[in-house]
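The values are calculated or read from the model by the stated rules, or taken from the named source; none is laboratory data. Keep in mind that this is a model prediction, so the values were computed, not measured. Reconstructed Cβ throughout: ideal geometry from the backbone, glycine too, with neighbour counts over all protein chains shown.
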Amino acid sequence: MIPYVQSIACQQVPPPYHFPNVTVNAFIWEASMTRIQAYCDEYFNLGDPIERGFVYKAASIWPYATLLIIDYPEMIATATNVGPGWGTSYADGGYVKQKEVFVALPLMRYGTRPETAFIKSAIEWALPFIIVQNPMSSVCGREMLGLEKLLAEITLGGGDYPDAFSANVKLPGWASLRPGEVQQIMPFLEVVTGPATPTFRGSAMQDSLWTLFSSSVVGQSIGALGGVSNLIDAMSAGLTPTAMQTVSLKQIRDAADPKRALHQSLISCRSKYSNMENFKFYNENDVKITIHDRGSFSEVFRVALNLPQIADPFSTEDRKLSFTPTAAFRFNATIDFDQMRTLHTFPVDQGPGRPPSRGNDDMLSPWLRPLRGFFGGARA
């Protein structure tokens, strides 16, 4: 592998990262399995399923989307063997702050051939979009990890009552898809909650299964268990966001032929949550999530929400749609972002008269990876 040429103008900060004292607000609702499967087929299930040896499917055992709004007071790069170009490592540098908004969708990966049916199975999370307010985070996430990061304006605050929460997101976009539309900063998403439970304010108590977890005693217990996040992740088969293994499609476009790609690969990263504390629930009846379904934003929401197609894509009408989640809660934690690797590199056509580039694969299931050393560690 050829060395990367480091530039003083480069805004890429390589992992691993350490994020202490973050505040996470999470909102869960039932998602459309059909929409999620369509997303898998478009972005992950490329080419012939037998040749690639795997398939991604919507996780029907957990048919929910999770909206995470995270406030990072400190984002620390901990890489010691590389620096930004002025003679010091990133680990010895300072830190940045960030606010982040994204939707996470659980996926099941299966092997498509008899020899891969078991060894390639895994649970991973797709992030159809990530919205950040830090430009370096946006550049780094896109260039290095292939994450669909969007640079935006994010405002976090309180609500009408003590211990409530609010979020306001504005994003560059086009109000309609008609020719000649000028891009502008537009409202994208708003979230408003009531106070954390238990409280005498707000609507009647919840009527979902999540009501069982709304007492302060249970909240404290969950917060205590959060300190052993590896145990939680093992017991939940990876369906809780305590050790989120993501998957994303990294691509490099061919400038001479913009409809083609010079490189396509699936990249995986782990976001490990630890030191979880101050776990509190919101009454979901007092939570309102509002989306602005118009123009260039329309397809973003349809990955995780079962919305009808827009009748007139040339209309500039701001269709504000509000809904209540199935569950809502918040907690504080430390997040470590590590274990980045290329899961699969797709063969790419190099043009007439030239053979396609060779693919590569590193999709051994997480529960089998500790045994890999006994068999020489060769990739499939």
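The requirement of being crowded, with 18+ Cβ neighbours inside 10 Å, in contact with a helix residue (DSSP H, G or I) (Cβ under 8 Å, 6 or more places away or on another chain), of a type in the set (Gly, Ala, Ser) and not in a loop (DSSP other than H, G, I, E, B) is satisfied by residue 328.
The residues of segment 90-140 that are among the β-branched types (Val, Ile, Thr) and modelled with pLDDT of 90 or more, listed by number, are 101, 103, 130, 131, 132.
Scanning segment 147-175 for residues that are crowded, with 22+ Cβ neighbours inside 10 Å and farther than 21 Å from residue 320 by Cβ yields a count of 2.
Has segment 344-360 got any residue that is part of a strand (DSSP E or B), at pLDDT 80 or above and polar (S, T, N, Q)? Yes, segment 344-360 has at least one match. Every condition in (1) in contact with an Asp or Glu (Cβ under 7 Å, 6 or more places away or on another chain); (2) farther than 29 Å from residue 261 by Cβ is met by residue 87 except one, and the failing one is (1). Here 142, 109, 178 are screened, and the one residue that is closer than 24 Å to residue 35 by Cα, of a type in the set (D, E, K, R) and touching a residue at least 24 places away in the same chain (Cβ under 8 Å) is 109. Condition check for residue 168 on (1) polar (S, T, N, Q); (2) in contact with a strand residue (DSSP E or B) (Cβ under 8 Å, 6 or more places away or on another chain); (3) touching a residue at least 40 places away in the same chain (Cβ under 8 Å): one failure, at (3). Counting only residues that are in contact with a His (Cβ under 9 Å, 6 or more places away or on another chain) and buried (at least 20 other Cβ atoms within 10 Å of the Cβ), which one in segment 45-102 is nearest to residue 188 (Cα to Cα)? Top of the filtered list is 75.
Taking the conditions (1) out of contact with any helix residue (DSSP H, G or I) (no Cβ under 8 Å at 6 or more places or on another chain); (2) under 28 Å from residue 338 (Cα atoms); (3) aliphatic (A, V, I, L, M) in turn, residue 192 satisfies each one other than (2).
Summed over segment 288-309, the residues that are crowded, with 17+ Cβ neighbours inside 10 Å, more than 18 Å from residue 39 (Cβ to Cβ) and in contact with a Lys or Arg (Cβ under 8 Å, 6 or more places away or on another chain) give a count of 2. When residue 72 is tested against (1) aromatic (Phe, Trp, Tyr); (2) farther than 25 Å from residue 34 by Cα; (3) at pLDDT below 90, just one condition goes unmet, and that condition is (3). Report, by residue number, each residue of segment 312-356 that is of a type in the set (Gly, Ala, Ser) and without any contact (Cβ under 8 Å) to a residue 24 or more places away in the chain. Hits for segment 312-356 are 351, 353.
Among the residues of this structure, residue 285 does not count as one that is under 27 Å from residue 98 (Cα atoms) and surrounded by 15 or more Cβ atoms within 10 Å (Cβ to Cβ).
One residue stands out among those in segment 1-39 that are surrounded by fewer than 17 Cβ atoms within 10 Å (Cβ to Cβ) and over 30 Å from residue 79 (Cα atoms): the one that is farthest from the chain's Cα centre (by Cα), which is 34. Of the strands (runs of 3 or more DSSP E) lying entirely inside segment 238-323, those containing at least 3 residues that are among the hydrophobic types (A, V, I, L, M, F, W, C) are 243-253, 261-281. Within segment 247-277, take every residue that is of a type in the set (Ser, Thr, Tyr) and in contact with a helix residue (DSSP H, G or I) (Cβ under 8 Å, 6 or more places away or on another chain) and give me the one that is nearest to residue 349 (Cα to Cα). My answer is 248.
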